[in-house]
Amino acid sequence: MSIALWTVIIVPFVSAFVLLVIGAYMPKKAAGAIGCVSVGISWVAAMFVASDFLREMPPDGFRTTLYTWMDVGGLNPGIAVRLDALSLVMISVITFVGFLIHIYASQSMYDEDGYSRFFGYMNLFVGSMLTLVLADNLLLLYLGWEGVGLCSYLLIGFWYKDATNGRAAQKAFIVTRVGDTALAIALFWLFVSFGTLDIKTILSAAPAKLVAGSAAATLLACLIIGGAVGKSAQIPLQTWLPDAMAGPTPVSALIHAATMVTAGVYLIARLHTLFTLAPPAMFAVAVIGTLTLFYSGFSALVQRDIKRVLAYSTISQIGYMFLALGVGAWTAAIFHFFTHAFFKALLFLSAGVAIDAQHHEHDIFKMGGLKRALPIAYWTFLIGAASLSALPLVTAGFYSKDSIIWGAYSSPLGAPWLWVLALISTFITAVYSFRVVYLVFHGEQKMEVSKHPGVLMNLVLVVLAFFSITAGFIGMPESIFKFDPLVRFLKTAFNTIPAYQNHANHAAEVMLLTISSALGLLGIFTAFSYYRHNRFAWIVDRSPFAKAIHSFFFSGWGFDWLYDLLFVRPYKTFAYWNRSDAIDNVFTGLASLARIGNSIFSSLQTGRIRNYAASLILGAAIFTTIVILRTKL
Amino acid sequence: MINHAMMFAGLLFVIGAVGIMIRRNLLFMLISVELMLNAAGLAIAVGGSKWSQPDGQVFLIMIFVAAATGVAVGISLLLANYHERKNVDADELSLMREREPIEQ
Amino acid sequence: MIGVFYASALIGFIAALLAITGTNPMRALVNLVVVFLAISSVLWTVGAPFTAALQILIYAGAIAVLFVFAVMMLNLGEETISREREWLHSSVWILPMAIAIVLAIQFVTAFARQGGNPNLIGSKTVGISMFSVYMIAVELASLLLVAGLIAAFHFAEVLRRKETEDD
């Protein structure tokens, strides 16, 4: 099994290297084939690993080391991977969804320049993400963490010739960097406290070392949260994700929907012991998740760019995952990650089809009536939107979102307002997702279809749609039909903590299910009725108050403006004051000093006899002074 | 009293040195050099007198010889230079170019 | 005796100052001769009458005459005086004066505390010393004079050749 496991990680790196070094000299089809096949091999190897693991089910997970990375000062991490239920679920999703997205991209990005560069970066990303989730020690995890951040930067700014893309990529990198720094400090602290960065060792030693509820444990957990919110685009570091939609659609699907933004969720889930030892930090996670999911729903409601709607939607859904983590429902969070990967990737890819078909137009108010022109895209997008809105019983999103809300309700760490806001958000989610469905696919067709999707793209959409429906059936709640192998499997990864006594209160669960389903359906109905008659626009045009609220939601609740005021402007002012660079001046000052010395000393060389005679006499005066003073005449 | 004579010699030397430093005319420079030589010789003679040895005066005679030779050759050089450049400016006797500024 | 010494020292001092700050070359030369005479007088009071006489012979008699001939040949006239005056601008002598004052102070303080009396050393003693102990020095001095003579001849030849070229 270890060979298969290493294959999963190494093959994407090897193909990334090949593509980035000699990809420009290959024919396009070869580059695309290498890119897709490498992730395909990774997926097949992951399936082998999965079957082996499910057969054997080692209690402590499966660990294998390649070599010792370094051995310095007591720190000796190895290039080692550990496979347990959590990482197995993660790599299955990453490789499978990654493989599908690569196939889609091989057709949709075919006409672009830098085709091989694209696949090189995508493979590098898949390799880094796999490293991240499989890492056995935190240093290797941090390597994968930084790797995915780098690939995100490279891929957002893929069309680098346009400066706005570069700025969006910079914004993504810089904002996540703030989180990465917090995570790095947490790693330093962990090493100092525990003497090792091995995850298993830390988690088993943590209850002894850290006092539950102490300030040290809480601060440590908060630093880790800082890293997680940066990568997962939660409040307060969520401003980069809407702008990251400047990248190509497959990039948005893979990185900013299915995998990279869930790295924070994975991190918190992996280090769950540290969080259970710091209840204030866990509650903070839940609060962050709830506030984020609430606020981004409203922002998604008024966006015009279809990809920005989906970006805010991603922020919102990851908020749900954070909420689940914060109330201790670890398996619910990972289950929602599992289903979200499928339907969010599906939504992005079918939106990509619609965008390509409308001459790269992103504004949903300029699209329309694509139901007849792009039938497969329509039906798959509809399935994805239904899954996102948690349409009852038939979609995967229903089961996973339900498990989160049930967790928030029943967990002793939850609070009432958490699940109330989550329920309200269900309504908003349904409204904004079906708003897009209605505006883009129903109504009059405003533009001619410029490009029809290829066969492979349609195939990928269908596969993803299938999973968006069926992926939830392996985690059904107890009150409906007790069939939850995924949840039970995931629980084995979290068996180091006492399982929360989710009192199997069937009646309460059924009532919650009914309420959320009702809210979802109400949202769908609201969306259709309002956008059929376009009443929202009428209200907004009439009242300046409504217009103000509209622009407030549109700008993402003013976070960008706030950060610009608090951080960007002061920093730019300081940079302007220091524009001649004080530290640089020390070094150029040395050079100027030498130059001044030169000019002084060369001005002494006049070539005139009088001046040289004067220097002789001066020397004589100095020497006589010395002699007289020494002999004390 | 002997030390006052030495002081006198020293002051004459200083005056000669000042003359070299401030004059631009070659002839005046030569005059100043003569002054310095004289002062040095006087100092030697005074020293010999203090310790009642004739060596001081002998050396003074040697200095006479050297000074005379020096003046002869110096005047010849002065005249040759004057014939070449038609002036007795000491600052003209410089082959140094103008200082070029250092590039940044 | 002492009074003669101080008087001649004072005269020598003033004459030297006038010599180096003069604008007219002839006046400067005459002042230089006065300095020579003053030095000779000091030598005599210090107890070296032979060298005092030699000083006048050689310096005031030969070297000063050389200088005067040079001045005559250089034809330094009226414009010289004005030019010299402008060359003696104050910025020229400020720094040298400072250095010189330092040196002068050193000379004065170095010799201030010592005493001594002059001893007469006659020509006979000097002669004996010169031709027995310092014979080599005398011979070398004559060699030096020959060298000077040759140099003067050489320059005269060069000048003569240059003059014939210019014509």
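Each value in this text was obtained by applying a stated rule to the coordinates, not by laboratory testing. These figures come from a predicted structure and were not determined experimentally. Methodologically, a virtual Cβ is constructed for each residue, glycine included, from the backbone with ideal geometry; neighbour enumeration extends over all protein chains shown.
Each peptide in C:40-51, A:186-197 gets a packing score, the mean of other Cβ atoms within 10 Å over its residues, and the list from highest to lowest is C:40-51, A:186-197. Which residues does a label at A:ILE22 reach in segment A:108-142, if reach means a backbone N under 17 Å from a point 7 Å past the Cα toward the Cβ? Answer for segment A:108-142: A:116-117, A:120. Considering only C:SER132, C:VAL34, C:ILE99, the residue lying farthest towards the positive end of the dipole of chain C is C:SER132, judged by Cα position with unit charges set on Cβ. Taken residue by residue and averaged, Cβ atoms of other chains lying within 10 Å of the Cβ of B:28-38 number 6.
In chain A, taking the dipole from charged Cβ atoms about the Cα centre, the farthest positive-side position among A:PHE53, A:ALA546, A:ALA281 is held by A:ALA546.
The per residue volume of the convex hull around the alpha-carbon atoms of segment A:248-404 is 92 Å³. Only Cα pairs under 8 Å and 6+ residues apart enter the sum, and on that basis the relative contact order of chain A stands at 11 percent. Excluding A:MET447 itself, what net charge comes from residues whose Cβ is under 9 Å from its Cβ, given Lys and Arg +1 and Asp and Glu -1? Residues close to A:MET447 contribute a combined charge of 0. For A:LYS200, the aspartates and glutamates whose Cα falls under 18 Å of its own Cα, not counting residues fewer than eight places away in the same chain, are A:ASP60, A:ASP84, A:ASP136. Could you name the aspartates and glutamates whose alpha carbon sits less than 20 Å from that of A:LYS451, not counting residues in the same chain fewer than 8 places away? Counting by Cα, and skipping residues close in sequence, A:LYS451 has these aspartates and glutamates nearby: A:ASP111, A:GLU112, A:ASP113, A:ASP305, A:ASP356, A:GLU361, A:ASP363. For segment A:1-141, relative contact order (Cα pairs under 8 Å, six or more residues apart, normalised by length) works out to 38 percent. Using Cβ point charges alone (K and R +1, D and E -1), the dipole size of segment A:1-158 about the Cα centre works out to roughly 260 debye. Ellipticity at 222 nm from helices only: DSSP H runs of n ≥ 4 in chain C, each -39500 (n - 2.57), divided by the residue count, give -26000 deg cm²/dmol.
Between C:ALA100, C:ALA28, C:ALA16, the residue with the greatest mean-square fluctuation in the GNM of chain C (Cα pairs under 10 Å linked by springs) is C:ALA100. A simple rule links phi to the HN-Hα coupling: the Karplus curve 6.51 cos²θ - 1.76 cosθ + 1.60 with θ = phi - 60°, which for segment A:218-223 gives 5, 5, 4, 4, 5, 5 Hz, with x for Gly and Pro.
All C-alpha to C-alpha distances of segment B:2-89, sorted into 10 Å bins beginning at zero, yield P(r) values of 18, 38, 28, 12, 4, 0 percent in whole numbers. For A:PHE62, the residues whose amide H sits under 5 Å from its own are A:LEU83, A:ASP84, ignoring neighbours fewer than 5 places away on the same chain, with H placed 1.01 Å from N. Backbone amide hydrogens, once placed in the peptide plane, bring A:GLY443 within less than 5 Å of A:GLY369, excluding anything fewer than 5 places away on its chain. The mean number of Cβ atoms from other chains found within 10 Å of a Cβ in peptide A:585-596 is 1, as a whole number. From least to most packed, judged by other beta carbons within 10 angstrom and beginning with the fewest, B:VAL73, A:VAL37 follow the order A:VAL37, B:VAL73.
Under the convention that each Lys and Arg Cβ holds +1 and each Asp and Glu Cβ holds -1, the size of the dipole of chain B around its Cα centre is about 300 debye.
Ordered by the number of other Cβ atoms lying within 10 Å of each residue's own Cβ, fewest first, A:ILE202, C:ILE81 fall into the sequence C:ILE81, A:ILE202.
Normalised size of segment A:278-533, defined as Cα radius of gyration per 2.2 N^0.38 Å with N residues, equals 1.01. Normalising the Debye intensity of segment C:2-120 to I(0), with uniform scatterers on Cα atoms only, and taking log10 at q = 0.15 Å⁻¹ returns -0.88. Stokes-Einstein diffusion for segment A:160-211 at 37 °C, viscosity 0.692 mPa s, with a Kirkwood radius from C-alpha pairs, works out to 245 µm²/s. When its C-alpha radius of gyration is set against 2.2 N^0.38 Å (N residues), segment A:580-631 gives a value of 1.82. Taken about its Cα centre, segment C:1-149 carries a charge dipole of roughly 360 debye when the Cβ of each Lys and Arg holds +1 and the Cβ of each Asp and Glu holds -1.
Based on Cα contacts under 8 Å between residues 6+ apart, chain C shows a relative contact order of 20 percent. Measuring between their Cα centroids, segment B:1-75 and segment A:155-193 lie 83 Å from each other. Counting only DSSP H runs of at least 4 residues, each contributing -39500 (n - 2.57), and dividing by the residue count of chain A, the helix-based mean residue ellipticity at 222 nm comes to -24000 deg cm²/dmol.
Taking only the alpha carbons of segment A:342-440, we obtain Rg and Dmax values of 15.9, 52 Å in that order. One Cα centroid belongs to segment C:1-70, the other to segment A:558-633; the line between them spans 51 Å. Taking the number of Cβ atoms within 10 Å of each Cβ as an exposure proxy, the fewest-first ranking of A:THR239, A:THR249, A:THR259, A:THR201 is A:THR201, A:THR239, A:THR249, A:THR259.
For chain B, leaving out every one of the GluC sites (Glu not before Pro) that falls in a DSSP loop and has at most 12 other Cβ atoms within 10 Å, the longest unbroken run is B:1-97. Only helices enter this figure: runs of n ≥ 4 DSSP H residues, each worth -39500 (n - 2.57), summed and divided by the residues of chain B, yield -26500 deg cm²/dmol at 222 nm to the nearest 500. Using the Karplus relation 6.51 cos²θ - 1.76 cosθ + 1.60 with θ = phi - 60°, the per-residue 3J(HN,Hα) values for segment B:65-76 come to 4, 4, 5, 4, 4, x, 5, 4, 5, x, 5, 4 Hz, with x marking Gly and Pro. The mean count of C-beta atoms from other chains within 10 Å of the C-beta of residues in C:116-124, rounded to a whole number, is 5. Roughly speaking, what % of Cα-Cα pairs in the protein assembly as shown are separated by over 45 Å, rounded to a whole number? Cα-Cα pairs in the protein assembly as shown separated by more than 45 Å: 52 percent.
Which residue, chosen from A:ALA527, A:LEU323, A:LEU486, occupies the Cα position most advanced towards the positive end of the dipole of segment A:278-533, where the dipole is computed from +1 (Lys, Arg) and -1 (Asp, Glu) charges on Cβ about the Cα centre? About the Cα centre, the residue reaching furthest to the positive side is A:ALA527.
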